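Notes follow once the structure below has been shown.
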Amino acid sequence: MSYAIIKVPENGGKVSIKDGKLQVPNNPILPFIEGDGTGRDIWRASVRVFDAAVEKAYGGKRKVHWMEVYAGEKAYDMVNEWLPEETVEAFREFLVGIKGPLTTPIGGGIRSLNVALRKYLDLYVCLRPVQYIDGVPSPVKRPEDVDMVIFRENTEDIYAGAEFELGTQESEDFRAMLKEQFPNQYAKLRFPDTSGISIKPVSKEGTERLVRAAIQWALDNNRKGVSLVHKGNIMKFTEGAFRGWGYDLATREFRNDIVTERETWILGNKEANPDLTVEENARMIDPGFGMMAPDTQQEILDEVEAALGLWETHGDGQWKDKLRIKDTIADIVFQQTITRAKEFDVLATMNLNGDYLSDALAAQIGGMGIAPGANINYETGAAIFEATHGTAPKYADQDKVNPGSVILSGEMMFRYMGWHEAADLILNGMREAVKAETVTYDFHRLMDNATLLKCSEFGDAIIQYMEE
Ligand code: NAP
């Protein structure tokens, strides 16, 4: 493809995907969006860290050929567009890239450039690791207990944008249709004449590909469990369905590698007491069994039988080595990820829950200045790694803010590409720089005797500490 404003580096090869495996040449061309506001400062510091890590790790055998692509204010100044089509095309063609924060244009047009990029490239996983770096100031008592990875569904849920604004003809028509054709649903609207309405689609396909990615990632990375986070007790046919489809997918596609939490109870009960009958086991896992309707009781008896049918592969304690699949309600998860952080590992959830949860958990490990993120489609291989914070415009061009979020996003990117040695160097450099208490203003103001560094100086410190 030929580009109008993007200059494709003369040297370098393309990342591609073959049989579901990413193919990364030693000299990949990687597109980057510098980002608006503080994005400029951050990118300058980050790219030096990336190049230094690759050089140190591979001594010239591998090298990234960076290719600037444009979005946000820079693109608008150049071609009067916030997100030129060729930027999306470049990410599609070169597959893996990285971006800084972008201004969300106010007043019409694209609602969010980030959301648009995710949508055009169908980047259905928003991956947000939440891991503590020793020494980072944290508001919780034991931040070292926090080591979680959030898989947030990125393309549907209430974020689909299927909305009806009060006062518009569309809204009138929609409510008239609802009143006429679905009177029972219409009757549930508390103030139907003055309501804005939004549609919340949660699909089986969307759920399955997200949960599949989370489980596969957990298995590949030797994690202990995946929690399906939902509000299915209230929204039964969307969030509740997510839970059901998630468990179905887990037991259908990963049967030998996983065990559900309820299966662990059933198998554990039987191991503790081999003479236990199916009904006694059912009464132990569901203490309300005696009061249930006969149909529900039968379902639980069937569930116990099915779990005991796994004895050969899961019984006699074998289940303890399997990936544990459980589910948890979205409200309590906010409390428990603080009070019992150790019990959570990989979290798979829908768009809105995931949005809140990612930022809330990031607070425990030092906030947005340091939280990395990625948007990935595991089938096409397309992935954009990105800062999770905004453009922080009041600090733009002051060489002041923390570049950690983009730098750790780069660490994730190298890991995704299989360049683990470069990723390890970046992580190590960051850990050591923080341990030496050489930090940017956001950490400095929360620490007692730290040395204040500029954005670029923090990048230098990471490079300096990489091999220590
Ligand atoms: P923001 O840019 O994230 O900034 C909010 C505050 O977070 C800053 O004032 C600063 O706190 C802290 N912060 C952000 N980045 C930091 C960094 N690198 N290092 C240290 N501290 C950092 O949020 P906003 O002001 O609400 O949004 C500004 C613009 O960014 C908007 O146009 C918004 O649409 C856009 N945005 C873009 C993205 C994205 O591209 N992914 C995400 C969110 C928002 P202190 O003031 O306490 O120092």
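The values are calculated or read from the model by the stated rules, or taken from the named source; none is laboratory data. All values reported here derive from a predicted model rather than from experimental measurement. Virtual Cβ from ideal backbone geometry, glycine too; neighbours counted across all protein chains shown. Just so you know, the surface numbers come from the protein's heavy atoms only, side chains and all, with ligands and any DNA or RNA stripped out. Shrake-Rupley method; radii C 1.70, N 1.55, O 1.52, S 1.80 Å.
Here the 3J(HN,Hα) profile of the stretch 153-167, calculated from phi with Karplus coefficients 6.51, -1.76 and 1.60 at θ = phi - 60°, is 5, 10, 10, 9, 6, 5, 7, 4, x, 7, 10, 10, 7, 4, x Hz, Gly and Pro shown as x.
Rounded to the nearest 500, the 222 nm mean residue ellipticity of the chain from helices alone is -13000 deg cm²/dmol, with -39,500 (n - 2.57) taken per DSSP H run of at least 4 residues. Using a Förster distance of 41 Å, how high is the FRET efficiency between LEU166 and TYR120, based on the Cβ-Cβ distance and rounded to 0.05? Efficiency at R0 = 41 Å is approximately 0.90.
Per residue, the chain exposes an accessible area of 47 Å² to a 1.4 Å probe, with every protein chain left in place.
Run the accessible area of the chain with a 1.4 Å probe and give the carbon-and-sulfur part as a rounded percent.
C and S atoms contribute 49 percent here.
Put simply, the amide H of THR260, placed in the peptide plane, has neighbours under 5 Å in ILE325, leaving out anything fewer than 5 places away on its chain.
Accessible surface comparison of TRP319, TRP311, TRP265, TRP217, probe 1.4 Å, protein chains only, largest first: the order is TRP265, TRP311, TRP217, TRP319.
With unit charges on the beta carbon (Lys/Arg positive, Asp/Glu negative), name the residue among ALA53, GLN131, HIS314 whose Cα is farthest towards the positive pole of the charge dipole of the chain. After comparing all options, I get ALA53. Per-residue SASA remark: ILE300, around 10 Å² accessible (1.4 Å probe; ligands, DNA and RNA not included). Here r is the Cβ-Cβ distance between MET447 and ALA396 and R0 is 25 Å; the resulting FRET efficiency, rounded to 0.05, is 0.55. Residues whose amide H falls under 5 Å from that of GLY225, counting only those 5 or more places apart or on a different chain, are ARG324, VAL346, with hydrogens built in the peptide plane. Looking at the chain alone, DSSP beta bridges between its own residues are antiparallel in about 40 percent of cases. Cross-link partners of LYS200 among lysines, defined as those whose alpha carbon lies under 22 angstrom from its own and excluding same-chain residues fewer than eight positions apart: LYS119, LYS179, LYS188, LYS231, LYS236.
By the rule of a C-alpha distance below 19 Å, with chain neighbours fewer than 8 residues away ignored, the aspartates and glutamates paired with LYS7 are GLU34, GLU68, GLU73, ASP77, GLU81, GLU85, GLU86, GLU89, GLU93.
Would you mind working out the magnitude of the charge dipole of the chain relative to its Cα centre, with +1 at each Lys and Arg C-beta and -1 at each Asp and Glu C-beta, to the nearest 20 Debye?
The calculated dipole for the chain is roughly 560 debye.
Once the C-beta distance of VAL140 and ILE234 is scaled by a Förster radius of 35 Å, the resulting FRET efficiency is 0.80 to the nearest 0.05. Summarising the overall dimensions of the chain from its C-alpha atoms, the Rg and Dmax are 24.6, 76 angstrom. Computed with a 1.4 Å probe over protein heavy atoms only, the accessible area of SER138 comes to about 40 Å².
Quick check: net charge around GLY309, other residues with Cβ under 13 Å of its Cβ, Lys/Arg +1 and Asp/Glu -1?
Numbers: positive: ARG255, LYS270; negative: GLU263, ASP302, GLU303, GLU305, GLU312.
Net local charge, GLY309 excluded: -3.
Taking amide H as placed 1.01 Å from N in the peptide plane, MET67 has its amide H under 5 Å from the amide H of LEU30, PHE32, each at least 5 places away in sequence or on another chain. Taking trypsin sites (Lys or Arg not before Pro) across the stretch 319-377, the ones in a DSSP loop with at most 14 further Cβ atoms lying within 10 angstrom of their Cβ are ARG340.
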